[in-house]
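Below is one structure, written out as structure tokens; the observations come after it.
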Amino acid sequence: MKSLPWHNPVRAEALLAALKQRILILDGAMGTMIQRHELGEADYRGERFRDGYDRLFTPDGSHQHGEGCGCQGHDQRGNNDLLTLTQPHIIQGIHREYLIAGADLVETNTFNSTAISLADYQLQHLVHELNCEGARLARAACDEVQAQTPDKPRFVVGVLGPTSRTASLSPDVNRPGYRAITFDELRAAYRQAADGLIAGGADILMVETVFDTLNAKAALFAIEEAFDALGARLPVMISGTITDASGRTLSGQTAEAFWYSLRHARPLAIGLNCALGAKDLRAHIDTLAQVADAYVSTHPNAGLPNAFGGYDETPEDMAEVLRGFAESGLVNIVGGCCGTSPAHIRAIADALSSLPPRALPQLESAA
């Protein structure tokens, strides 16, 4: 790993200073908030994609980019990342709600903004634009709210999701050696996304909801390539997901193995999110807190999903459990994942406001 300066030294130093002073609050679920708007397919398409064509014109109106982009026959409902372009006021409004509720960090609406995941909607040509605009909307919301509270800096976390493919496992039980994606294909896809997030003004890059560590390695490789090309770096966070009661990721690693597989990247923070509620994540966060010489983060679901696919854990219940994490000295960054809302983030922020952050242990340095 090359020694490179911070891309934005003022922002990076402010982040590092804040992490030493207090537990930072990450935002909550984007999808949960979008669902409240009850959007139809026409809302997702907006004017730009209303008839299946990408109606983006050059400033002089002489050329229509992406005509016949292939999305005509693909239902866009559920393509939440597309709302960054077609309903930006909704996305920026959600960021604003979380910031007002107490979030120090907001995640970009880019969880599926890689060519691999966007292929499901035939919108691969939007990768750079979605990531750049996703970071720009979050940046605008942060700047707006920070202007009202200048003593409390707010930060944009550029999200790189896991994609819809896995490099370690075969999707075909009859062909265990088959892989639907290669490391290099993942690396190229992540590089496109990372470049867009950096261009849009992200303060941090987060490889999130990692279910396959090989996918994460491809993302981190791509991020380093982007930093080398830029001649500077951003802080990097990594957040994995424990998929069930086995205490392992989908590709079979425990929390401890997950950390040691990725320690070489020297992330700012390592953590776990999604899949489980806070109570079920406690033991695994405890493990990370003991072995990691990075900051520890967690943004759990609002409990386990119920029979209807919803989440029942109240803001007060979730805040109480996460307060226990903090009282035990386990965490530095805390937020929410599926089922959480600004009310959850407000309750968590209030519950943790008086508690000190986890102190970084002095461990043997990574090779």
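Would you confirm, using the coordinates I've provided, whether SER117 is among the polar types (S, T, N, Q), free of Cβ contacts under 8 Å to residues at least 60 places away in the same chain and assigned to a helix (DSSP H, G or I)?
Yes, satisfied.
Please enumerate the residues belonging to the stretch 135-155 that are over 13 Å from GLU107 (Cα atoms) and either in contact with a strand residue (DSSP E or B) (Cβ under 7 Å, 6 or more places away or on another chain) or not polar (S, T, N, Q) (or both). Give the steps one after another, and end with the answer.
Taking the stretch 135-155 first, the residues over 13 Å from GLU107 (Cα atoms) are 143-153.
Correct list: ASP143, GLU144, VAL145, ALA147, PRO150, ASP151, LYS152, PRO153.
Residues checked against (1) without any contact (Cβ under 8 Å) to a residue 40 or more places away in the chain; (2) polar (S, T, N, Q); (3) more than 18 Å from THR243 (Cα to Cα); (4) touching a strand residue (DSSP E or B) at 6+ places or on another chain (Cβ under 9 Å):
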{"position": "HIS284", "(1), (2), (3), (4)": "no, no, no, yes"}
{"position": "ALA319", "(1), (2), (3), (4)": "yes, no, yes, no"}
{"position": "PHE325", "(1), (2), (3), (4)": "no, no, yes, yes"}
{"position": "ASN332", "(1), (2), (3), (4)": "no, yes, yes, yes"}
{"position": "LEU355", "(1), (2), (3), (4)": "no, no, yes, no"}
{"position": "ALA359", "(1), (2), (3), (4)": "yes, no, yes, no"}
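With respect to the numbered conditions (1) polar (S, T, N, Q); (2) surrounded by fewer than 19 Cβ atoms within 10 Å (Cβ to Cβ); (3) closer than 21 Å to GLY335 by Cα, which one is the sole condition not fulfilled by THR254?
Going through (1) polar (S, T, N, Q); (2) surrounded by fewer than 19 Cβ atoms within 10 Å (Cβ to Cβ); (3) closer than 21 Å to GLY335 by Cα one by one, THR254 breaks only (3).
Condition first: under 29 Å from ALA326 (Cβ atoms) and among the polar types (S, T, N, Q). Now tell me which residues in the stretch 1-53 satisfy that.
ASN8, GLN21, THR32
Of HIS125, HIS89, HIS95, which residue is without any contact (Cβ under 8 Å) to a residue 12 or more places away in the chain and assigned to a helix (DSSP H, G or I)?
Sole residue among the options that is without any contact (Cβ under 8 Å) to a residue 12 or more places away in the chain and assigned to a helix (DSSP H, G or I): HIS89.
So that you can scan it fast, the table gives a plain yes or no per residue for (1) in contact with an Asp or Glu (Cβ under 6 Å, 6 or more places away or on another chain); (2) at pLDDT below 95; (3) farther than 21 Å from GLY28 by Cβ:
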site	(1), (2), (3)
LEU169	no, yes, yes
ASN174	no, yes, yes
GLY201	no, no, yes
THR209	no, no, no
ALA222	no, no, yes
ALA229	no, no, yes
ILE242	no, yes, no
ARG266	no, no, yes
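Return the total of residues in the stretch 223-246 being exposed (fewer than 15 other Cβ atoms within 10 Å of the Cβ) and not in a loop (DSSP other than H, G, I, E, B).
Within the stretch 223-246, the subset exposed (fewer than 15 other Cβ atoms within 10 Å of the Cβ) is 228-229, 231, 244-246.
Filter once more, keeping what is not in a loop (DSSP other than H, G, I, E, B): 228-229.
Residues that pass the stated criteria total 2.
Select, from SER328, SER365, the only residue that is at pLDDT 95 or above and not aromatic (Phe, Trp, Tyr).
Among SER328, SER365, only SER328 is at pLDDT 95 or above and not aromatic (Phe, Trp, Tyr).
Name the single residue, out of those in the stretch 257-278 being closer than 11 Å to SER297 by Cα and aliphatic (A, V, I, L, M), that is surrounded by the fewest Cβ atoms within 10 Å (Cβ to Cβ).
LEU268
For the stretch 277-300, which positions are part of a strand (DSSP E or B) and touching a helix residue (DSSP H, G or I) at 6+ places or on another chain (Cβ under 8 Å)?
GLY277, TYR295, VAL296, THR298, PRO300, listed by residue number.
The values are calculated or read from the model by the stated rules, or taken from the named source; none is laboratory data. In this text the structure is predicted, and so the values were computed from the model without any measurement. Note that each Cβ is placed from the backbone with ideal geometry, even for glycine, and that neighbours are counted across all protein chains shown.
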